[in-house]
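A quick write-up on the structure given underneath.
The values are calculated or read from the model by the stated rules, or taken from the named source; none is laboratory data. Everything numeric in this text was worked out from a predicted model, so none of it was measured. Note that we place each Cβ from the backbone using ideal geometry, even for glycine, and neighbour counts take in every protein chain shown.
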Amino acid sequence: MRQTYENTASLRKEADFQKTIETAWRCKLQKMHKHHIIDFMVVDDDKTAKAFIEVKCLNKTYNQFPCAILSLSKFMKGIEYFNVTGLPFVFATRLDDGDYFYRYEKEHPKFEISWGGRTKQTRDKFDIEPIVKIPMVYFKEI
(Lines give C-alpha, C1' and ligand atoms only; values in the text may rest on other atoms or scores of the structure.)
Protein backbone atom coordinates (compact mmCIF):
# COMPACT_ATOMS: atom_id res chain seq x y z
CA MET A 1 0.00 0.00 0.00
CA ARG A 2 1.22 3.49 -0.83
CA GLN A 3 2.26 5.86 1.95
CA THR A 4 0.08 8.93 2.45
CA TYR A 5 2.07 12.14 2.05
CA GLU A 6 -0.52 14.50 3.46
CA ASN A 7 0.81 16.26 6.53
CA THR A 8 -0.39 18.96 8.90
CA ALA A 9 0.86 21.78 6.65
CA SER A 10 -0.66 20.39 3.45
CA LEU A 11 -3.96 19.64 5.18
CA ARG A 12 -4.03 23.19 6.59
CA LYS A 13 -3.46 24.64 3.10
CA GLU A 14 -6.25 22.46 1.72
CA ALA A 15 -8.61 23.51 4.54
CA ASP A 16 -7.83 27.20 3.94
CA PHE A 17 -8.49 26.80 0.23
CA GLN A 18 -11.68 24.88 1.01
CA LYS A 19 -12.94 27.81 3.11
CA THR A 20 -12.12 30.26 0.32
CA ILE A 21 -14.11 28.21 -2.20
CA GLU A 22 -17.03 27.77 0.19
CA THR A 23 -17.19 31.52 0.80
CA ALA A 24 -16.77 32.51 -2.86
CA TRP A 25 -19.30 29.99 -4.17
CA ARG A 26 -21.64 29.98 -1.14
CA CYS A 27 -21.54 26.23 -0.77
CA LYS A 28 -20.12 23.47 1.42
CA LEU A 29 -17.31 21.16 0.36
CA GLN A 30 -17.84 17.71 1.85
CA LYS A 31 -14.54 15.80 2.08
CA MET A 32 -14.80 12.40 0.41
CA HIS A 33 -12.92 9.28 1.47
CA LYS A 34 -9.76 8.64 -0.54
CA HIS A 35 -11.28 5.58 -2.24
CA HIS A 36 -13.58 8.03 -4.10
CA ILE A 37 -10.39 9.49 -5.66
CA ILE A 38 -11.82 13.05 -5.95
CA ASP A 39 -11.35 15.33 -2.92
CA PHE A 40 -14.78 16.87 -2.36
CA MET A 41 -18.45 16.77 -3.18
CA VAL A 42 -19.95 20.26 -3.35
CA VAL A 43 -23.26 20.33 -1.49
CA ASP A 44 -25.94 22.87 -0.66
CA ASP A 45 -27.52 23.50 2.74
CA ASP A 46 -29.68 20.39 2.36
CA LYS A 47 -26.56 18.31 1.54
CA THR A 48 -27.76 17.85 -2.03
CA ALA A 49 -24.85 17.22 -4.37
CA LYS A 50 -24.07 20.10 -6.73
CA ALA A 51 -20.60 19.22 -8.12
CA PHE A 52 -17.39 17.27 -7.55
CA ILE A 53 -14.13 19.09 -7.03
CA GLU A 54 -10.45 18.16 -6.91
CA VAL A 55 -8.20 20.74 -5.22
CA LYS A 56 -4.46 21.36 -5.32
CA CYS A 57 -2.27 23.94 -3.64
CA LEU A 58 0.84 24.54 -5.72
CA ASN A 59 3.98 26.66 -5.33
CA LYS A 60 3.85 28.20 -8.79
CA THR A 61 2.26 31.14 -10.56
CA TYR A 62 -0.44 31.22 -13.22
CA ASN A 63 1.97 32.08 -16.05
CA GLN A 64 4.85 29.88 -14.91
CA PHE A 65 3.78 26.88 -17.01
CA PRO A 66 1.42 26.64 -20.00
CA CYS A 67 -0.57 23.79 -18.41
CA ALA A 68 -1.73 22.50 -15.06
CA ILE A 69 -1.26 18.80 -14.58
CA LEU A 70 -3.64 16.39 -12.93
CA SER A 71 -3.39 12.66 -12.42
CA LEU A 72 -5.14 10.97 -15.32
CA SER A 73 -6.94 8.67 -12.87
CA LYS A 74 -8.37 11.69 -11.01
CA PHE A 75 -9.38 13.34 -14.29
CA MET A 76 -11.07 10.15 -15.49
CA LYS A 77 -12.89 9.71 -12.17
CA GLY A 78 -14.14 13.30 -12.35
CA ILE A 79 -15.43 12.71 -15.88
CA GLU A 80 -17.07 9.49 -14.71
CA TYR A 81 -18.91 11.40 -11.94
CA PHE A 82 -19.92 14.02 -14.53
CA ASN A 83 -21.20 11.39 -16.97
CA VAL A 84 -23.11 9.39 -14.36
CA THR A 85 -24.61 12.27 -12.36
CA GLY A 86 -24.69 15.18 -14.78
CA LEU A 87 -23.03 17.28 -12.05
CA PRO A 88 -20.01 19.47 -12.84
CA PHE A 89 -16.47 18.23 -12.30
CA VAL A 90 -14.14 21.03 -11.22
CA PHE A 91 -10.38 21.11 -10.72
CA ALA A 92 -9.43 24.03 -8.47
CA THR A 93 -5.88 25.12 -7.79
CA ARG A 94 -4.42 27.62 -5.34
CA LEU A 95 -1.33 29.22 -6.86
CA ASP A 96 1.09 31.77 -5.44
CA ASP A 97 -0.71 34.54 -7.35
CA GLY A 98 -4.37 33.51 -7.05
CA ASP A 99 -7.03 30.83 -6.91
CA TYR A 100 -8.27 29.32 -10.17
CA PHE A 101 -10.63 26.62 -11.40
CA TYR A 102 -11.21 24.52 -14.49
CA ARG A 103 -14.68 23.13 -15.15
CA TYR A 104 -14.84 20.04 -17.34
CA GLU A 105 -16.90 20.46 -20.50
CA LYS A 106 -17.47 17.72 -23.08
CA GLU A 107 -16.94 20.31 -25.82
CA HIS A 108 -13.35 21.03 -24.79
CA PRO A 109 -10.71 19.49 -27.02
CA LYS A 110 -8.96 16.34 -25.88
CA PHE A 111 -6.04 17.40 -23.70
CA GLU A 112 -2.52 16.01 -23.96
CA ILE A 113 -1.87 12.87 -21.93
CA SER A 114 1.69 12.05 -20.94
CA TRP A 115 3.88 10.26 -18.41
CA GLY A 116 4.87 12.68 -15.68
CA GLY A 117 3.83 14.12 -12.35
CA ARG A 118 6.10 14.99 -9.46
CA THR A 119 9.44 14.77 -11.26
CA LYS A 120 11.59 17.28 -9.31
CA GLN A 121 11.00 16.03 -5.77
CA THR A 122 9.85 12.50 -6.41
CA ARG A 123 8.86 10.76 -3.17
CA ASP A 124 8.28 7.27 -4.55
CA LYS A 125 7.76 5.47 -7.85
CA PHE A 126 4.03 6.28 -7.81
CA ASP A 127 4.68 10.04 -8.07
CA ILE A 128 5.35 9.49 -11.77
CA GLU A 129 2.17 8.38 -13.54
CA PRO A 130 -0.12 9.11 -16.48
CA ILE A 131 -1.20 12.77 -16.33
CA VAL A 132 -3.46 15.11 -18.24
CA LYS A 133 -2.17 18.56 -19.18
CA ILE A 134 -4.91 21.17 -18.96
CA PRO A 135 -3.93 24.46 -20.64
CA MET A 136 -4.08 27.36 -18.21
CA VAL A 137 -6.30 29.30 -20.62
CA TYR A 138 -9.17 27.01 -19.51
CA PHE A 139 -8.83 28.18 -15.89
CA LYS A 140 -10.87 31.05 -14.47
CA GLU A 141 -10.16 33.00 -11.33
CA ILE A 142 -12.25 32.11 -8.29
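Brief remarks follow.
- Flag if Lys50 is closer than 21 Å to Met136 by Cβ, modelled with pLDDT of 95 or more, among the basic types (Lys, Arg) and not in a loop (DSSP other than H, G, I, E, B): no
- For Asp45: the one exception among (1) closer than 30 Å to Lys110 by Cα; (2) in a loop (DSSP other than H, G, I, E, B): (1)
- Candidates are the residues of the range 40-56 that are of a type in the set (Asp, Glu) and surrounded by fewer than 20 Cβ atoms within 10 Å (Cβ to Cβ); the one that is farthest from Asn7 (Cα to Cα) is Asp46.
- Residue that is modelled with the lowest pLDDT [pool: residues in the range 117-128 that are surrounded by 14 or more Cβ atoms within 10 Å (Cβ to Cβ) and within 20 Å of Pro66 (Cβ to Cβ)]: Arg118
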